[in-house]
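Chemist: Input: one structure, supplied below.
Laboratory data are not the source of any read-out in this text; all were calculated from the coordinates shown. Everything quoted here is computed from the prediction, not taken from an experiment. When we count neighbours, we look across all protein chains shown, and the Cβ atoms used for this are built from the backbone with ideal geometry, even at glycine.
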Amino acid sequence: MVAVDTQQMFELDLTKPEPLPESARDRAHELMGSGRLFRYTELAPGELSDAAQLEVKFAELLGRSYAVAVNSCGAALFLALRSAGVRPGDPVLVNAYTLAPVPGAIEHAGATPVLVEVTANCVIDLDDLAAKACVSGAKALLLSHMRGHISNMDEVVRLCDEQGITLIEDCAHTLGAGWNGKSTGTFGRAACFSLQTFKHINSGEGGVIVTDDAELAAKAILFSGSYMLYGQHGARPPESVFESLRGRIPNYSLRITALAAALALPQLDLLPARIERMNRSYRQIETRLRGIPLVVVIERDPLEDYVGSSLQFRVPSLLPEQMQAFLHMCRERGLGLKWFGETRTEGFTSRPSSWEYLTDTQLVPRSEEMLACLFDMRIPPAMTDQHCHQAATVIEEALTALLSINDATYQ
Ligand SMILES: *Cc1c(COP(=O)(O)O)cnc(C)c1O
């Protein structure tokens, strides 16, 4: 018999970002023509810079009093911690499933990350959170809604209130998401968003802090490097708050550029349609994955109003070398999955055992076990129903092929 190659191919390059909308490109051109790329510039009376407009829009979108745009979400997290009063040497709780810039931000503030276990469904383990809060005496929690997975925020907030813990939310993947009808980024004392290319808004690099706390906002503005031009900020606290901080806040030069703000602004209006499209793809692939015997999908709480900009699933019954083979087979067919179980972390994967700079060894065995079999797929807005079908079929065929190799070996 002649072997016919009927293998499904996946025909979308997941590493490729979307082109920017025309409106963003036009504004960028205009700005470049003016040379005013620094966010602080001579303004006409009543004129708002692009950065200030972005701040106003973010504050409005989240229903918070203040927003501060900076150069990245990692910097925003650092500034939020620093401005919330976290001091060098302080323990800071953080869920073990997160991206490298998150423990990095804690380290940047001179504080010590205290790793909290996550569940098999990628959210913070509330029992471990209570236990670690007690043992460490930490007065801050940096909760990362990693890859868009939202913990039970009612429980997290209750626990933080009970223990006097300041909650800072990492919303790098949850712009447009919510819990029980309330937006993520409105539960903590402050929240940080990312404008980096692979998040929900692409300005290359950028981050935004939102808060209702006037002193925190003013400190973040001054720390970010506003010189005495803080008056040009969009959603900012009153002058008196800045006056009271005069001379006490070092300038860390972590400003957003006017260009990044200009690129981000028009994209905010496109977000609802993009979210609808990504969620449709997410649900289609998830439904198909539920039908594949070896795959364990990540269950979402019905109260979680997620944005499906990426999808995770576990294949716990495979051996590590089989996971490697599975990854390879998918990649051969054009589907670039990521795997959190690589011995050496690659690309945007990250896990606690790779943060070797942490001074005290902190074991989070349940999180490590979960991450060892966790796969990850980007879901860009460009993904069509046809692509969803292709992706699920590639995954299914690769696992079926792996199993038949298994059967042949063990018979
Ligand atoms: C990307 C990301 C960050 C950091 O964002 P940058 O803007 O790249 O600094 C933080 N947390 C999570 C969960 C992320 O995915």
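Chemist: What is the Cα centroid distance between segment 371-389 and segment 190-246, reported in whole angstrom?
Modeler: Centre-to-centre (Cα) distance: 33 Å.
Chemist: Moving to a separate point now. Starting from one equal scatterer on each C-alpha and no solvent at all, send me the Debye-based log10 I(q)/I(0) for segment 70-131 at q = 0.17, 0.20 Å⁻¹, two decimals.
Modeler: Scattering profile of segment 70-131, log10 relative to I(0): -0.58, -0.76.
Chemist: Mind jotting down the three principal axis lengths of segment 224-358 based on Cα atoms? Whole angstrom, largest first.
Modeler: 62, 41, 30
Chemist: Still on this structure, I have one more. Could you tell me the extents of segment 164-309's C-alpha atoms along the three principal axes, largest first, rounded to whole Å?
Modeler: That works out to 62, 39, 24 Å along the principal axes.
Chemist: If amide H atoms are built 1.01 Å from N in the plane of the peptide, which residues on other chains or at least 5 residues away come under 5 Å of the amide H of LEU14?
Modeler: HN-HN under 5 Å from LEU14: GLY336.
Chemist: So which of LYS16/LYS338; LYS57/LYS139; LYS182/LYS338; LYS57/LYS219; LYS57/LYS199 end up more than 26 Å apart by C-alpha?
Modeler: Listed pairs above 26 Å: LYS57/LYS139; LYS182/LYS338.
Chemist: Express as a percent, rounded to the nearest 5, the fraction of DSSP beta bridges in the chain (both residues included) that run antiparallel.
Modeler: Here the antiparallel bridges make up roughly 60 percent for the chain.
Chemist: Continuing with the same structure: Can you name the helices of the chain, as whole DSSP H runs, whose Cα span along the helix axis is 24 Å or more and whose Kyte-Doolittle mean is not below 0.5? Intermediate values should be presented prior to the final figure.
Modeler: Numbers: long enough: 258-290 (45 Å, -0.17); 385-410 (38 Å, 0.04).
Span-like helices, by this rule, are absent here.
Chemist: How big is the Kirkwood radius of segment 8-50, worked out from every pair of different alpha carbons and given in Å to one decimal?
Modeler: Numbers: mean 1/r = 0.0736 Å⁻¹.
Its Kirkwood hydrodynamic radius stands at 13.6 Å.
Chemist: For VAL116, which sequence-distant residues (separation of 5 or more, or a different chain) have an amide H within less than 5 Å of its own amide H, given hydrogens modelled in the peptide plane?
Modeler: Amide H to amide H, under 5 Å and 5 or more residues apart or across chains, VAL116 pairs with VAL94, ASN95, ALA96.
Chemist: State to the nearest 20 debye the size of the charge dipole of the chain about its Cα centre, where the only charges are +1 on K and R beta carbons and -1 on D and E beta carbons. Display every interim value, and only then the final one.
Modeler: On the way: 36 positive and 50 negative charges, 137 e Å.
Computed charge dipole of the chain: roughly 660 debye.
Chemist: Please find, in a Gaussian network model of the chain (springs between Cα atoms separated by less than 10 Å), the residue of GLY104, GLY89, GLY46 whose mean-square fluctuation is greatest.
Modeler: The residue with the greatest mean-square fluctuation here is GLY46.
Chemist: What residue among ILE285, VAL307, VAL296 has its Cα farthest toward the positive end of the dipole of segment 266-321, where the charges are +1 on Lys, Arg and -1 on Asp, Glu, each on the Cβ?
Modeler: Ranked along the dipole, the leading option is ILE285.
Chemist: Which cross-chain or sequence-distant (5 or more) residues have an amide H under 5 Å from the amide H of TRP179, H modelled 1.01 Å from N in plane?
Modeler: THR184, ASP305
Chemist: Any idea what log10 I(q)/I(0) is at q = 0.07, 0.08, 0.09 Å⁻¹ for the chain, Debye with uniform C-alpha scatterers and no solvent?
Modeler: -0.35, -0.45, -0.57
Chemist: Taking 7 Å along the Cα-to-C-beta vector as the label spot, tell me the ARG344-GLN386 distance in nanometres, rounded to one decimal.
Modeler: 3.9
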